[in-house]
1. For region 474-489, check the following and say yes or no: at least one residue is over 30 Å from Gly10 (Cβ atoms) and either within 16 Å of the ligand (Cβ to nearest atom) or not hydroxyl-bearing (Ser, Thr, Tyr) (or both).
2. Residues in region 416-425 that are farther than 16 Å from Arg480 by Cβ and in a loop (DSSP other than H, G, I, E, B): how many?
3. Please note which helices (runs of 4 or more DSSP H) are completely contained in region 1-114 and include at least 1 residues that are in contact (Cβ under 8 Å) with a residue 40 or more places away in the chain, open to solvent by 20 Å² or more (accessible area, probe 1.4 Å) and within 14 Å of the ligand (Cβ to nearest atom).
4. What number of residues in region 428-468 are more than 16 Å from the ligand (Cβ to nearest atom), polar (S, T, N, Q) and open to solvent by 50 Å² or more (accessible area, probe 1.4 Å)?
5. Go through region 184-225 and report how many residues are in contact (Cβ under 8 Å) with a residue 12 or more places away in the chain, assigned to a helix (DSSP H, G or I) and within 16 Å of the ligand (Cβ to nearest atom).
6. Might you let me know whether region 261-269 holds any residue that is loosely packed, with under 15 Cβ neighbours inside 10 Å, among the polar types (S, T, N, Q) and within 16 Å of the ligand (Cβ to nearest atom)?
Amino acid sequence: MKIFNPIKRGYLALEGWLNISFGGELNPLYHLGSLAFFFFWVVLVSGIYLFIFFDTSLSGAYASVEYMTNEQWYLGGVMRSLHRYASDAAILTIILHMFREFALDRYRGFRWFSWMTGVPTLWFVVTLGITGYWLVWDELGLYVAVLSAQLMDALPIVSGSMARNFLEGQLTDRFFTLMGFLHLLGQPILLIFALWIHVKRLSHVEITAPRGLALGSFIALMALSLYLPAVSHAPAQLNKVPSTLNIDWFYLNIYPLLDTWTAGQAWVLSIGVTVFLMVMPWLPPKKMEQAAVVHLDECNGCGQCADDCPFDAITLRKRTDEKRWEYEVVVADNLCAACGICVASCHSSNVFRYKNKTLDTGIDMPQFPVDEVRRKTAEAIAGIQGDTKILVFGCDHAYDVKKINTSGIGVMSLFCTGMVPPSLVEYALKNGVDGVLLTGCRNGDCFFRYGNIWMDKRMDGDRKPVLQDRVDRSRIEVFRAAETDGKKLSQKITEFQQHLISLNKEQSNATPEAQIEEVQHD
Ligand code: HEM
């Protein structure tokens, strides 16, 4: 039974609401990671332009930024604003991305690695923003510099007082150039490395935002840059305390705390939050499911399961048995999410094989083997009452199909609808149902990342193993429904029932010649 989770419900409602305007394909909440990458691209390209005109010396930095902002407002100014706003958009997107994984409970269990490695990226992005503000060397830059030095002074690793150096005017050009180096090269390289680790346990990683979304975001950034160009404060003056500072709350939120807190307290808070975020996947831990197992007798090493695995848990290696095939597959148990997608990828999972004995396949889920899936499907079909019979395949992470209590409907819930072998759909249609409805997580939002996508492609004949051409597509419906979409799903089922009733009527009224032709065609 699913536990009621108000945060998840609320979040799903928000996503559902955005789906009305954007559709599943362009819903920004489904593409937060790739949107963050897109904003980084904008930051990079605009940053390269700014670098060309930026003077990395303490005496020339401010004037060079002012030159770009005012004298070259049509290009340099726009680039500066794009650089600022894209950085803000990136951090906002990252925070939403993080919140989403939490709200939808996609941060525990096998996902601990992606979550844990995401946390340091936050540090890298925030500190990158901080050095960026520093480099302008206006009043805000000085404020950031002095308070950062105070923070550094509170660490036992720093000897001497950096803050005093600022106050006594001993900040050298060399130190400023070091900041420039960090911002322009050191920190970006660290961030790229951290991101590489972050997505290391995923395959087919979506780092390119959909074109429409990228274009829309860029237009919004341009509009903001033209309407509200980014400008500097007055130039930094070591002997003057600025009266008003416009803080960028996305990046500089820790600094105003230092008005009332000591640097040590600010460190305790930052490190405390970081450690808490890092251990969240174990608060409480999620049970790891049994990993997929390989049956070499049925595996020809074609590699389809390895290519389909969304979590990079399957690899190929040279055959270790005497079989004539070149490769065999291996599952890394610690990476396996137990989604079952690989079972449907395997050609040996064709449910028309081994009709009267156990159906063994190349790769299987020990806790719900494909043979049992076939048997339970047959039982579900046998239990359907009514004239027009529909079998609904659902997944354990979307709307709970076991709640459907409509006459004429049988249900089967799997770990993911990507676990349904296409042959099972054909099997259901051949064994007494009038139609098959496939549901599962909403489009663009598969709990196991690629289950929905691979299933659609297999049904459309675009990815192996395909649903055979001979199967009547008019008797198959796909409608995705999250936990909160029960009403929409039951409405769809009613519509599908009506459709099947008229289809049945049409086919029974067809002329005998047409019926013979249809059978021959089959
Ligand atoms: C610079 C910041 C970040 C970027 C650019 C980024 C980007 C991405 C991308 C592209 C993916 C793969 C999405 C997909 O193809 O399904 C991903 C996955 C993930 N990210 Fe991030 N991420 C960032 C920070 C974070 C942070 C701060 C957290 C949380 C602490 C986080 C948690 C996760 C998790 C749990 C996944 C796995 C999702 C899944 O398995 O379905 N990320 N991230």
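The values are calculated or read from the model by the stated rules, or taken from the named source; none is laboratory data. In this text, all values refer to a predicted model and were calculated from it rather than measured experimentally. With ideal geometry, Cβ positions are generated from the backbone for all residues, glycine too; neighbour counts draw on all protein chains shown. Remember, those area values only see protein heavy atoms, side chains included, never the ligands or the DNA or RNA. Shrake-Rupley method; radii C 1.70, N 1.55, O 1.52, S 1.80 Å.
1. Here is the first cut: in region 474-489, the residues over 30 Å from Gly10 (Cβ atoms) are 474-476.
In the following step, the residues that additionally are either within 16 Å of the ligand (Cβ to nearest atom) or not hydroxyl-bearing (Ser, Thr, Tyr) (or both) were identified as 475-476.
Looking for residues that are over 30 Å from Gly10 (Cβ atoms) and either within 16 Å of the ligand (Cβ to nearest atom) or not hydroxyl-bearing (Ser, Thr, Tyr) (or both), one finds at least one in region 474-489, hence yes.
2. 1
3. Values: elements: 6-26, 32-53, 61-66, 78-103.
So the answer is 32-53, 78-103.
4. If we filter region 428-468 for residues that are more than 16 Å from the ligand (Cβ to nearest atom), which is where we start, we get 428-439, 455-468.
Cutting the leftovers down to polar (S, T, N, Q) gives us 431, 439, 468.
Pick out the ones that are also open to solvent by 50 Å² or more (accessible area, probe 1.4 Å) and you get 431, 468.
Count: 2.
5. So the count comes out to 11.
6. Taking region 261-269 as the starting set, the residues that turn out to be loosely packed, with under 15 Cβ neighbours inside 10 Å are 261-262, 264-265, 268-269.
Now restrict to residues that are among the polar types (S, T, N, Q): 262, 265.
In the following step, the residues that additionally are within 16 Å of the ligand (Cβ to nearest atom) were identified as none.
The answer is no, given that none of the residues of region 261-269 is loosely packed, with under 15 Cβ neighbours inside 10 Å, among the polar types (S, T, N, Q) and within 16 Å of the ligand (Cβ to nearest atom).
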